[in-house]
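Trainee: Below you'll find the structure I mean.
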Amino acid sequence: MLLELRIQEFAVIESAAIEFGPGLNVLTGETGAGKSIIVDALTAALGARVTADLIRTGAPAARAEARFGVESRGPIGRWLEEHGLAEEGGTRGGDDRCELVVAREIMPEGRSRAWINGRSATVGMLRELGDLLVEVAGQHEGQRLLRPQAHLGLLDAFGGDTVETQCAGVGELVRLRSELRAEQKALVDGERDRLRQVEMLRYQVDEIEAARLQPGEEEELSSRRVRLSNAERLSGAAAAAYAGLYEADGQAAVDRIGQARGALREAAGLDPALGALAGRIGAIAGELADVAHDLARYSRGIEADPEELVRVEERLDLLRRLRRKYGETVEAVLDYRDEAASALARLDAGDARASEIAATLEELEQDLTGRCARLSELRREAASRLEDGVEQVLRSLEMASTRLIVGLGYDSDPAGLLLGDRRVAVGSDGADRVEFLLAANPGEAPRPLARIASGGELSRIMLALRHVLAEAGGVPVFICDEVDAGVGSRAAGSVAGLLAAVGRKRQVLCVTHLPQVASLADRHYWVSKEMSGGRTRVRVRALGPQERVEEVARMLGGRRPTQIAREHALELLRRGGRS
């Protein structure tokens, strides 16, 4: 609900602060008093197009600020949360409501600045928020009901929970279908790359597997290559060492050690300490004997084998090539083989996934086709009820020959969903394309609402639609700017009754010249012009009970109402329960 509108230096309004209430709020005054300027200021605060000539002459800038009370958990509250603009401190009064303040300042060069809850915002953000807050039915406004893209949502809201639940189910299936088709496309688009990767990985895995690598193998082969390359030298060294221990004439180390041991053992009788030393020499002699035997075995076992050396060199060369390609060590090459094998398994699973996606898509599209068909059926039923409801209201507004037609159709799409014998485009809200059309006279072809020429006719149609859609759409504020244009005296009461009825569901702000409308208002504001200091100023003030009688009488009988006009005005107010 709009709580307050503050206007400064806007057109001919120097300063105004208007507090609005729930229900039907009317603005009345003589022609040219500035009533529509108040509506212009509100729409400017909500992102409407503005120009520098809206700035009051001599003022540095114009400003319009609107304060709303909104549901913190509704669409507007969610929008504020998503944009980080929710009011600090949360709800007020514990009833899940919070305040929202939007403001716009117009600069002399035509630029403007905008704020939402005191934080800088773009004009585009104001427009988005304005679409959630206010709907304008005027003779020249591009209101939401004129935009075909809004008609589907309005019809669904009018259709109630059954339609919206079915639509939500369709939306979920469309989302899943989109995800599966994207994955399917990625698999198809990447098939050539996948095949290349499979071929490369399979070659790499096979190459490493064929080598039958063993951890530590390279070190052992390197040692074997050294021995094979130096077989003669190593054999000679071992033989010489053995000879030095056992075979040297008169100089064999074992013999000399034996002699030393024997000498100590003979002298041990004289000094027992020499016996211990003789024992230690004996241990050394035993160790030398073991070494000599090992040298003999080593010398016999090592021999030059050119063929084995070639095999070792070839194996080491293979290991070097694999290490250059796959890792710094044999262990790293084996790790790479394991990773490549895992990647190969995942890629091989792509074929199975493609088949799985195709089967899932076929099943999902069958379900989606049935749900879209059912949703279309529910929408046609809702459209019929909406057409009947609007026709009844238009009859009371002396537009009995005018018919609203809710056009439903499909848009063709070769890659879309098969409905009947056609492939049609399907979105998150189903396959239906909806547009409200109007046949203004019998025999005339229906036309889009936006192409209706008569401003007064358009305003009444908007009012009829808003009345029937009162429970739908969710926009809390409905603005009627001179909705009475072209309305005859017989239809005036019906227009007033409809505005009052809408006011019981939504807050209504109405600029009107109809006394019947003014008499049913919950709040009545009088707009007037006055001259002061050679400047024109606009004043806006709420009327008390007696002042309302005078203003309604003026609307009935001219600038100087008669007593009869006053009595008639009082009767209208009494009949509407406003006096």
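The values are calculated or read from the model by the stated rules, or taken from the named source; none is laboratory data. Since we're looking at a predicted model, the values are computed, not measured. Counting neighbours? That spans all protein chains shown, and the Cβs are built from the backbone with ideal geometry, glycine included.
Trainee: Please verify whether the stretch 199-215 includes one or more residues that are surrounded by fewer than 16 Cβ atoms within 10 Å (Cβ to Cβ), more than 18 Å from L334 (Cβ to Cβ) and not hydrophobic (A, V, I, L, M, F, W, C).
Mentor: Within the stretch 199-215, one or more residues are surrounded by fewer than 16 Cβ atoms within 10 Å (Cβ to Cβ), more than 18 Å from L334 (Cβ to Cβ) and not hydrophobic (A, V, I, L, M, F, W, C).
Trainee: Follow-up question, since we're still on this one. Has the stretch 285-292 got at least one residue that is surrounded by 11 or more Cβ atoms within 10 Å (Cβ to Cβ) and among the charged types (D, E, K, R)? Walk me through how you get there before you give the answer.
Mentor: First, the residues of the stretch 285-292 that are surrounded by 11 or more Cβ atoms within 10 Å (Cβ to Cβ): 285, 288-289, 291-292.
Those left that are additionally among the charged types (D, E, K, R): none.
No; the residues of the stretch 285-292 include none that is surrounded by 11 or more Cβ atoms within 10 Å (Cβ to Cβ) and among the charged types (D, E, K, R).
Trainee: Right, something else. I need a count of the residues in the stretch 174-223 that are within 30 Å of T360 (Cβ to Cβ) and not in a helix (DSSP H, G or I).
Mentor: 1
Trainee: Let me ask you something else. Kindly indicate whether any position in the stretch 218-232 is under 60 Å from the mean Cα position of the chain (by Cα) and surrounded by 16 or more Cβ atoms within 10 Å (Cβ to Cβ). Break it down into steps so the answer makes sense when it comes.
Mentor: Kept after step one, since they are under 60 Å from the mean Cα position of the chain (by Cα), are these residues of the stretch 218-232: 218-219.
Of the ones still in play, those that are also surrounded by 16 or more Cβ atoms within 10 Å (Cβ to Cβ) are 218.
Yes, the stretch 218-232 contains a residue that is under 60 Å from the mean Cα position of the chain (by Cα) and surrounded by 16 or more Cβ atoms within 10 Å (Cβ to Cβ).
Trainee: Free of Cβ contacts under 8 Å to residues at least 12 places away in the same chain and under 24 Å from F478 (Cβ atoms): does that describe R73? Before the answer, list the steps.
Mentor: Working: free of Cβ contacts under 8 Å to residues at least 12 places away in the same chain: no; under 24 Å from F478 (Cβ atoms): yes.
So R73 fails the test.
Trainee: Right, next: Any chance you could count how many residues in the stretch 326-347 are of a type in the set (D, E, K, R) and in contact (Cβ under 8 Å) with a residue 40 or more places away in the chain?
Mentor: Residues meeting the conditions: 2.
Trainee: Ok, one more. Just to verify a result, which residue in the stretch 483-502, among those that are surrounded by 24 or more Cβ atoms within 10 Å (Cβ to Cβ) and in contact with a strand residue (DSSP E or B) (Cβ under 7 Å, 6 or more places away or on another chain), is modelled with the highest pLDDT?
Mentor: L499
Trainee: Looking at L361, L295, L347, L316, which is the one that is at pLDDT 90 or above, touching a helix residue (DSSP H, G or I) at 6+ places or on another chain (Cβ under 9 Å) and surrounded by 13 or more Cβ atoms within 10 Å (Cβ to Cβ)?
Mentor: The match here is L361.
Trainee: Of all residues in the stretch 143-170, how many are surrounded by 15 or more Cβ atoms within 10 Å (Cβ to Cβ), in contact (Cβ under 8 Å) with a residue 60 or more places away in the chain and in a helix (DSSP H, G or I)?
Mentor: 18
Trainee: If a residue counts only when it is loosely packed, with under 13 Cβ neighbours inside 10 Å, which strands (runs of 3 or more DSSP E) contained entirely in the stretch 376-455 have at least 2 such residues?
Mentor: 412-419
Trainee: Against the definition (at pLDDT below 75, part of a helix (DSSP H, G or I) and over 21 Å from R300 (Cα atoms)), how does Q259 come out, yes or no? Steps first, please.
Mentor: Working: at pLDDT below 75: yes; part of a helix (DSSP H, G or I): yes; over 21 Å from R300 (Cα atoms): yes.
Yes; evaluated as a whole, the condition is true for this residue.
Trainee: Please find, among E307, E339, E266, E331, the residue that is over 60 Å from the mean Cα position of the chain (by Cα), assigned to a helix (DSSP H, G or I) and under 30 Å from I208 (Cβ atoms).
Mentor: Working: E339 fails: over 60 Å from the mean Cα position of the chain (by Cα); E266 fails: under 30 Å from I208 (Cβ atoms); E331 fails: over 60 Å from the mean Cα position of the chain (by Cα).
Only one candidate qualifies: E307.
Trainee: Related question: For the stretch 566-579, give me each residue that is modelled with pLDDT under 90 and on the phi < 0 side of the Ramachandran plot.
Mentor: Within the stretch 566-579, the first condition is being modelled with pLDDT under 90, and the residues that meet it are 575-579.
Result: R575, G576, R578, S579.
Trainee: Identify, please: which residue in the stretch 523-579 is among the polar types (S, T, N, Q) and touching an Asp or Glu at 6+ places or on another chain (Cβ under 8 Å) and is, among those, nearest to Q507 (Cα to Cα)?
Mentor: Keep residues of the stretch 523-579 that are among the polar types (S, T, N, Q), which gives 528, 532, 536, 546, 562-563, 579.
Then keep just the ones that are touching an Asp or Glu at 6+ places or on another chain (Cβ under 8 Å); that gives 528, 536.
Working: S528: 23, T536: 31 Å.
Selected residue: S528.
Trainee: Okay, moving on. When you look at P545, is it modelled with pLDDT of 90 or more, of a type outside the set (S, T, Y) and either farther than 23 Å from A17 by Cα or exposed (fewer than 13 other Cβ atoms within 10 Å of the Cβ) (or both), yes or no?
Mentor: Working: modelled with pLDDT of 90 or more: yes; of a type outside the set (S, T, Y): yes; either farther than 23 Å from A17 by Cα or exposed (fewer than 13 other Cβ atoms within 10 Å of the Cβ) (or both): yes.
So P545 fits the description; yes.
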